[in-house]
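For reference, the structure is listed below as structure tokens.
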Amino acid sequence: MNGLKQQNGMRLVLMLAILLSGIAMTPFIDIPAEAINWELLAGVYEPSLDVNEDSGAPGSVFAFTGSDYPALSNATVYVNGDQVGNVMTDASGMAAFKLNTTGAAVGQYNVTLEVDINASATESIELKVGEQVVTPPPGFTGPAFSMQNRIYQPVVIAD
Amino acid sequence: MLNVLRTRNNLVGRQSAWPPLLTRPHWWAMSTFFAPFLLYLLTLAPTIYNLDSAELTTAVATDGIIRATGYPLYLLLGKLFVWLPVGDVGYRLNLFSAVCGALTIFVADRILQHLEVGPWARLGALGLLATAPYFWAMSLVAEVYTLHTALMATVLLLLLYWDESPSMPRLAAAALALGLSCSNHAATVLLVPGCLWFVATRARQHWLRPQTMTAVILAAFAGLSAYFLIPLRYGQSPVFNYAGQYDATGTFVSVNLQTWQGFWWLISGKAFAGQMFGYQLAELGPEIGGFGVQLWLAFFAIGIGPGLWGAVVLLQRDRRIAVMLLLFFFANAIFYINYRVVDKASMYLPAYLVWALWLAIGYQAILDDLQAKTSAPRWVWLPRLFMAGAVLLAVTWNWSRVDLSDDWSTREQSLAILEQAQPNAIVFGWWDTVPAVQYLQLVEGQRPDVTVINRFLISGADMNQLIRSELGRRPIYFDNPSIDLLRESRVTAVGLMYLLEPPEAGCDFVAEASHTRESARCLAERGSNAVLE
């Protein structure tokens, strides 16, 4: 009699384990609450460009990382609209490069990474006197481009 | 627990010409269609929807051609819904998806009945499938996915019927369904290994005969014959055609779909070859994890354990069916896990269908075991309550995530773009703007003076050249101006779009050291426009 009860108990435990095993995973899953609509599915090419620091002293070397670009594509780097180099995106649509500001004047620069014309993102950096010299984080890899020959000419309107 | 589930091919004396469930539908069968259909109807998008939906709807309504892989069966069957006297054309094509979604549940129920799964287990499993977020969502807008799952379920059911009582017509019927399914969605090829396994592991006299093989091949080709629609439509020069490219003069150059090369380019999906198996090995971990999470969400957590258990039970009871389903599942899962697109979550539906079948079998095994082997069979109502309760919970939980019954955003956005466009304008945009605007133009006849170009159909270089040549001659609207366009034109935000105009006099902007005062002012203005972006 006890054996039968034990067997039934085991069966119930097994059944509950099967039924509830998925629920036990709940703490490990980020449950989305957002609506499933076309906005959620529309990210055709909406790339982003990030930089390790927003500002630094002239002579800094900034580390840029682009993501969500078309994969394995030739991407062009622009500084304030002027081309400074090219980098290939990897299979996941990411690209990394360094921007050497040695010789550049203080001021704000818009750095754009663009693949063809259909995927483009811009990030700003500012060169300031008295700031720390920025360097890429350890292990950061990617081609280095120089702003030395493409000095930003600030627009001054004298009234 | 394992010996309770039996499949019909293990039973003796069931040799009727066609299954009675097909010829004598009863209330349960009806409800397996109408219950999910009602759910979808209540949450259906009321008008044209965005992205692929707009493209599909416009192509169906205008007898057009869509991008790879052509989806000819969808274009044909969708036409039946265009003629319905309800709502606008967008709504009618959304309704098509709802019917196909409900049909999937109906056919899956037939499959489970064939596998002798009881009503509670079927309700619990198919209820979770019908209310899985993406299955539900894809049943509410014009899309190819629910037609795909309906045809996939039909192929499976017909193969099971053939297996029960092998005959040439039954195998040919399955081959016809497979061909039709391929005519809707080329991903049907992912089902072929499973189908071949299932047929080839049956005694050879049932399939390896010249007459049978001939009938099967002919039936498959009959199903595939929907592809003839593509060259036929190409010959009629459709106004809506996504198989080609615009050149730098703004002329659309269609791929010649009446040549084998052009036809194969479209139906093989070569345009998307770069996205297929588009991940490196190191990136696959998160993608596999992502699929697992989607599966977990689809079956509301509750369906994971019993689904796995069902796969094991089926493997013990009927290896042939089990391996076929495993091949279906893994072929689809592996392909789409490796497919580098942003909307892949909507493409896992075939894998979800297989999982729902496993889930039902797992549920049934649990119920049978409780009923047959415990000393308290009356407690069997508890898991039944659990299964039905999970479905109700899933409906409640997911409703707000998928409900589109009040979503007019696509129509409103497209109307705004057309209203804001100056006469004779050119509008450049991506999938989220262009196809729905084309729907308003080509289906509803609005603003035929505006030229709308999907950037998917023009190279960056050609688009730049076209814009340069048209700048100042026609108003040009753009969804996201590039660095070159910002440099070469005056950019003004107009609603969702940006109006590109020629630079003002003296604003011939190339960053030079010697700026005049006027060009400097121009540059400053340009900077403020760039901020708008």
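The values are calculated or read from the model by the stated rules, or taken from the named source; none is laboratory data. All figures in this text were calculated on a predicted structure; none of them were measured in a lab. As a convention, Cβ positions derive from the backbone with ideal geometry for all residues, glycine included, and neighbour counts pool all protein chains shown. The protein model used for the area step is the full one, side chains on, heavy atoms only, and it has no ligands, DNA or RNA in it. Shrake-Rupley method; radii C 1.70, N 1.55, O 1.52, S 1.80 Å.
For the range A:70-92, a drop of 30 Å² or more in accessible area on going from the chain alone to the assembled protein chains (1.4 Å probe) is found at A:78, A:81, A:82, A:91, A:92. Calculated on the alpha-carbon coordinates, the convex hull of chain B measures out at 171 cubic angstrom per residue. Distances between placed amide hydrogens fall under 5 Å for residue A:36 paired with B:402, all partners being 5 or more residues away or on another chain. When accessible surface is computed with a 1.4 Å probe, chains A and B are found to bury approximately 4600 Å² between them, both chains counted. For residue A:75, the residues 5 or more places off, or on other chains, whose built amide H falls under 5 Å of its own are A:87, A:88, A:89.
In sequence order, the range B:305-312 has phi-based couplings of x, x, x, 4, 4, x, 5, 5 Hz under the Karplus curve 6.51 cos²θ - 1.76 cosθ + 1.60, θ = phi - 60°, and Gly or Pro positions carry x. Computed from Cα positions, the angle between helix B:27-43 and the longest principal axis of chain B comes to roughly 20 degrees. The spacing between the range A:18-42 and the range B:237-276, judged by their C-alpha centroids, is 38 Å.
Centroid-to-centroid, using Cα positions, the range B:395-460 and the range B:62-117 are 22 Å apart. For the protein assembly as shown, the antiparallel share of DSSP beta bridges with both residues in that region comes to about 75%. DSSP bridge analysis restricted to chain A gives an antiparallel fraction near 85%, rounded to the nearest 5.
What do you get for the angle between helix B:409-420 and the principal long axis of chain B? Use alpha-carbon atoms, 0 to 90 degrees, nearest ten. Result, in degrees: 20. Per residue, the average separation of C-alpha pairs within less than 8 Å and at least 6 apart gives chain B a relative contact order of 20 percent. For chain B, the antiparallel share of DSSP beta bridges with both residues in that region comes to about 50%. Taken one residue at a time, the phi angles of the range B:254-262 give Karplus couplings (6.51, -1.76, 1.60, θ = phi - 60°) of 6, 5, 6, 7, 9, 9, 4, 4, x Hz. Gly and Pro are set to x. Looking at the calculated P(r) for chain A, what percent of the C-alpha pair distances fall above 28 Å? Percentage above 28 Å: 45.
Relative contact order, whole percent, for the range A:45-146 stands at 37, derived from Cα pairs under 8 Å and 6 or more residues apart. Residues of the range B:43-82 that bury at least 30 Å² of accessible area once all protein chains are present, compared with their chain alone (1.4 Å probe, heavy atoms only, ligands and nucleic acids left out), are B:49, B:51. From the Kirkwood radius over Cα pairs of the protein assembly as shown, Stokes-Einstein at 4 °C and 1.567 mPa s returns a whole-number translational diffusion coefficient of 46 µm²/s.
With the highest mean first, a sort of the peptides B:85-94, B:304-313, B:62-71 on other beta-carbon atoms found within 10 angstrom per residue produces B:304-313, B:62-71, B:85-94.
Phi angles across the range A:57-71 convert, under the Karplus curve 6.51 cos²θ - 1.76 cosθ + 1.60 with θ = phi - 60°, into 3J(HN,Hα) values of 6, x, x, 5, 10, 8, 10, 10, 10, x, 9, 6, 8, x, 5 Hz, Gly and Pro given as x. Taking 7 Å steps out from each Cα toward its Cβ at residue B:26 and residue B:469 produces label points 7.0 nm apart.
Distance from the Cα centroid of the range B:158-193 to that of the range B:305-361 is 18 Å (rounded to whole angstrom).
Summarising the amide proton neighbourhood of residue A:124: residues at separation of 5 or more, or on other chains, whose placed amide H is nearer than 5 Å comprise A:111.
If contacts are Cα pairs under 8 angstrom and at least 6 residues apart, what is the relative contact order of the range B:376-480 in percent?
Once divided by the residue count of the range B:376-480, the mean separation gives 29 percent.
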